[in-house]
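Novice: Got a structure for you, questions after.
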Amino acid sequence: MFLICEYQQNDYMKIKYLPILLVLLTFCASPKKETINKIDNKAGSPYEDKIEALIAKMSLQEKIGQTAQRGTSSRGKGLSEELKQAVREGRVGSFLNLKGKANVAELQRLAVEESPNGIPLIFARDVIHGYKTIFPIPLGQAATWNPKIVERGSRVAAIEATSMGIRWTFAPMLDISRDPRWGRIAESAGEDPFLTSEMAKAYVKGFQGDNLNSQTSLAACGKHFVGYGAAEGGRDYNTAIIHDQLLHNVYLKPFKAAKEAGIATYMTSFNELNGIPASGNKYILQDVLRDTWNFDGFVVSDWNSITEMIAHGYSENPKAAAKSAANAGLDMEMTSQAYDNHLEELIKEGAVSMDQLDDMVRNILRIKFKMGLFDTPYFDKNQDVLYKEDHLVSAKEAAVQSMVLLKNRDDVLPINEGRKIALIGPLADAPHEQLGTWTFDGEKEHTVTPLSTLTKQYGKKVTYVKGLANSRDNSSKDFKKAIKAAKKSDLIVFVGGEEAILSGEAHSRANINLPGAQEELLTELAKTGKPIVLVIMAGRPITLGNILDKVDAVLFAWHPGTMGGPALVELLYGKASPSGRLPVSWPKTVGQIPVHYNHKSTGRPASKESFVHIDDIPEFAWQSSLGNTSHYLDAGFSPQYPFGYGLTYSKFNCEGLTQSSSSLSNGGKIVVTATLNNIGDRKATEVVQLYVQDEFASITRPVKELKGFKRITLEAGKCEKVTFEINKEDLSFYNADGEWVTEAGSFKFWIGPNAMEGLSGSFEVE
Ligand code: BGC
């Protein structure tokens, strides 16, 4: 975990040195070092022969060394003598968080030139939504519904990170997230397996490029395998209970998509899954990942997640944890040293077989070969690619496309250029905060805020009052100043939300309203009668019930990254029309969570007709459940805003639904079309979405499932025909017998602007 990442280096030599010498004497009668390139590779794949030849030469200690990923501080710069020695002895396979080009180069030199078999290291880092040029947080990137821009963002991240010698990123996070209390929802693509899968493919393509072998390729890591987002109550690290059908039909899907896109690695998750911690879970690591998906890359644990199996109440001690993890098929251990300390003993006792260890090493070496590290272990230290102009342009475009317009009463947006603005709020000029969670390398000095952009472009028309020291400030001492500025303006732009540290790992919240006194300040500002445009920068959906009526517009900006300021100003002034769409259903109140569009129907589905509000129940009403359905008396049953929702500055309608057939046979497809019209007065983008429902099946299916989407930009008055194809595979699901099937029967479909609206049709599967 990044906040406690000074790992136990001091104990390292104490524990390690003696056994290592002994092992060296016993096993290191290793042959004279020769470069791997010289290994004869006459038959078979280019890698497998090389891998086998190398494994045949490796000592037990070196094999175990390949499974060790050492941590260094994400903030520190030093390189200890102990670490260098461990590398020389071949006792490390990878590093994470090593800072500085010179350090990377030095450790790689030691590995390649001085370790027994010259096996190169892989240097890893959490490059989550940009390296230096920071893009919107992943939840914001998902809100673009634009895989191309996500691919571009991760390509930029790869170009920048690899220029520093980093060749492996711990991204993308593919955890389906249906609980906005969970801080790590910020790192996810939201609640839906289809959208998350599309994003997964885009991230993998962008990070890894066309070939893992390229010097700008950043090996991707699908995390956290699996179920981390299903943490009970949204409390980080908590228990996940996910039945098998849900696991396969929802939680595993994006990981499978990443596998199909060629992802190099996965990371296990901290949580237990149905009673077995993910890092010791043979079902997911072996049966699913290896035996069913044929994954041949490697799997790394999460930070100390192997030894955390002790706290889970699963392993009695580190040795037992190492045994469970290795036998489950976990190849590399991040930071804790259970493998390092116990694998040798476990092998000798026969508790872990040498074949198992060899397989783990094979998986790791395979990726090192695929990455070309044996041929080109060193990186070019003289590149100058950080914050390149085209990187900043892409970051701005991603931020523009990510922001979601939730409300726009009386078309208060876009702002007329002549208007005097009171710019108020704790995040209007908070460069560090707008970068969001997981930005080890982003720099506030390079970040452009709304204030700096507005002042530059509109100068005297803008008066800035911060109003609150930060997003959690409860003091009203600056309210008067803010109100005064508001009264002198034509319009208030309030930029609030959450500081970066309020979301991300270990930062769950039980109340997801705007924190601090932001609601109070907005309430006071509303009393001035001036229109209020509320811009929210946050890492999760924010419940808006207390203030929604008091503001005229809400533009949700997520944490938009380095270029958040210019992106926001373009949207505020209508240089671009908002085109972001929600990747999550937006709760009215935390009591509604989980609220997601792809829920099951239940035996008493909620509906407008059956809903009775708490205020409408007659006093002394007869205690009866009849007529009532699955809803809350106070909060109803629908979210504040549905999945897929977002406004633009124009207006669209969709009409003329057609379908090529009313039945779908084996090998066939149904083509559905509709015409999208821009009936407003300006160019804008709509995201047209296709949803399907399998009405009756051998296990109940969700009321709707996203199966396709298209981002379409149209000039005012223009129209375009939108086409989707549906085939049997798209409709398949994992049934109660553990088989993927598409069952015959009736299906409904919708083409529309979000999960709650749309033109509908139906068809039969034969
Ligand atoms: C997180 C991972 C991250 C790792 C390394 C862990 O605490 O759960 O997502 O990649 O630390 O920083």
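Novice: Which percent, to the nearest 5, of DSSP beta bridges fully inside the chain are antiparallel?
Specialist: Expressed as a percentage, antiparallel bridges in the chain total about 55.
Novice: Would you mind checking region 554-570 for residues with the amide N under 14 Å from a putative spin-label position 7 Å along Cα→C-beta of LYS488?
Specialist: Under 14 Å, as judged by backbone N against the label point of LYS488, lies no residue of region 554-570.
Novice: Now for a different question. Taking 30 Å as R0, compute the FRET efficiency from the Cβ-Cβ separation of GLU695 and ASN653 and round it to 0.05.
Specialist: 0.65
Novice: I've got another one for you. Which aspartates and glutamates have a Cα lying under 19 Å from the Cα of LYS381, excluding residues fewer than 8 positions away in the same chain?
Specialist: Leaving aside aspartates and glutamates fewer than 8 places away in the same chain, those within reach of LYS381 are GLU106, GLU113, GLU160, ASP441.
Novice: Of ILE421, ILE185, how do they rank once you tally other Cβ atoms within 10 Å and put the fewest first?
Specialist: Fewest-to-most ranking of ILE421, ILE185: ILE421, ILE185.
Novice: Could you tell me how far the Cα centroid of region 186-235 sits from the Cα centroid of region 109-175, in Å?
Specialist: Cα centroid to Cα centroid, the span is 11 Å.
Novice: Now a separate question. From the Cα gyration tensor of the chain, with a ≥ b ≥ c the square roots of its eigenvalues, which class applies: rounded if a/c is under 1.5, or else prolate if a/b is larger than b/c, or else oblate?
Specialist: The shape class here is prolate.
Novice: Now, a different point. Of LYS669/LYS710; LYS460/LYS718; LYS84/LYS368, which pairs sit farther than 28 Å apart, going by alpha carbon to alpha carbon?
Specialist: As for pairs spanning more than 28 Å Cα to Cα, those are LYS460/LYS718.
Novice: For region 515-614, which trypsin sites (Lys or Arg not before Pro) pass both filters: DSSP loop (anything but H, G, I, E, B) and at most 16 other C-beta atoms within 10 Å?
Specialist: Sites meeting the loop and neighbour criteria: LYS527, LYS575, LYS600, LYS608.
Novice: Please go through region 250-294 and write out the chymotrypsin sites (Phe, Trp or Tyr not before Pro) that DSSP classes as loop and that have at most 15 other C-beta atoms within 10 Å.
Specialist: When the chymotrypsin sites (Phe, Trp or Tyr not before Pro) of region 250-294 are filtered for loop state and at most 15 Cβ neighbours within 10 Å, TRP293 remain.
Novice: May I pose another question? Can you give me the distance in nm between label points at TYR378 and LYS282, each placed 7 Å from the Cα along the Cα-to-Cβ direction?
Specialist: Going by the 7 Å Cα→Cβ label model, 4.6 nm.
Novice: Same structure again: Take VAL404, VAL612 and order them by how many other Cβ atoms sit within 10 Å, fewest up front.
Specialist: Listed from fewest to most nearby Cβ atoms, that is VAL612, VAL404.
Novice: Further question on the same structure: How much FRET efficiency would the formula 1/(1 + (r/R0)^6) give for GLU345 and ASP210, where r is the Cβ-Cβ distance and R0 is 41 Å, rounded to 0.05?
Specialist: For GLU345 and ASP210, the calculated efficiency is 0.40.
Novice: Counting only the backbone N, which residues of region 727-761 are under 17 Å from the spot 7 Å out from the Cα of ILE679 toward its beta-carbon?
Specialist: 751-754, 757-760
Novice: Still on this structure, I have one more. Taking 0.36 nm per residue of sequence separation and subtracting the Cα-Cα distance, how much length would be gained by fully extending the chain between ARG109 and THR463, in nm to one decimal?
Specialist: Here the segment from ARG109 to THR463 would lengthen by 121.9 nm.
Novice: Return the FRET efficiency for the residue pair ASP355, ARG419: r is the Cβ-Cβ distance, R0 is 56 Å, and the value is rounded to the nearest 0.05.
Specialist: Taking R0 as 56 Å, the efficiency between ASP355 and ARG419 is 0.20.
Novice: Going Cα to Cα from LYS484, which aspartates and glutamates come in below 18 Å? Please leave out same-chain ones fewer than 8 positions away.
Specialist: Candidates past the 8-residue exclusion: GLU519, GLU520, GLU524.
Novice: Next up: Between PHE440 and ARG409, what is the label-to-label distance in nm when each label sits 7 Å out along the Cα-to-Cβ direction?
Specialist: So the two model labels end up 4.6 nm from each other.
Novice: Also: Rank PHE207, HIS224, GLY280 by how far each Cα sits towards the positive end of the charge dipole of region 180-294 (+1 on Lys, Arg Cβ; -1 on Asp, Glu Cβ) and give me just the farthest.
Specialist: Of the options given, the answer is PHE207.
Novice: How many angstrom lie between the Cα centre of region 593-670 and the Cα centre of region 465-539?
Specialist: 32
Novice: Something else now. Longer than 21 Å from Cα to Cα, which of LYS407/LYS588; LYS396/LYS683; LYS132/LYS444; LYS148/LYS651 are they? Say none if no pair is.
Specialist: Where the Cα-Cα span goes over 21 Å, the pairs concerned are LYS148/LYS651.
Novice: Please say if region 461-579 is rounded, prolate or oblate, where rounded means a/c under 1.5 for a ≥ b ≥ c the square roots of the C-alpha gyration tensor eigenvalues, and otherwise the choice is prolate for a/b larger than b/c and oblate otherwise?
Specialist: Judged from the Cα gyration tensor, region 461-579 comes out oblate (a/c at least 1.5, b/c at or above a/b).
Novice: Antiparallel DSSP bridges in region 15-370: what percent, to the nearest 5?
Specialist: Roughly 10 percent of the beta bridges in region 15-370 run antiparallel, per DSSP.
Novice: Gain in length, LEU759 to GLU720, computed as 0.36 nm per residue apart minus the alpha-carbon separation, to one decimal in nm?
Specialist: 12.5 nm
Novice: On to the next question. If you average the C-alpha positions of region 347-395 and of region 552-589 separately, how far apart do those two centres end up, in angstrom?
Specialist: 36
Novice: Taking a virtual spin label 7 Å from the Cα of ARG235 along the C-beta vector, which residues in region 495-516 bring their backbone nitrogen under 16 Å of it?
Specialist: Flagged as within label range: 506-511.
Novice: Roughly how many nanometres apart are two label points built 7 Å out from the Cα toward the Cβ at ASN474 and ALA510?
Specialist: In this crude label model, ASN474 to ALA510 measures out at 1.5 nm.
Novice: Considering only DSSP states other than H, G, I, E and B, which GluC sites (Glu not before Pro) in region 291-334 qualify as loop sites with at most 11 other Cβ atoms within 10 Å?
Specialist: Listed in order of number, the matching sites are GLU316.
Here, each number is a calculation from the coordinates, and none is a lab measurement. Being a predicted model, the structure only gives us computed values, none of them experimental. Here Cβ is always computed from backbone atoms with ideal geometry, including for glycine, and neighbour counts include all displayed protein chains.
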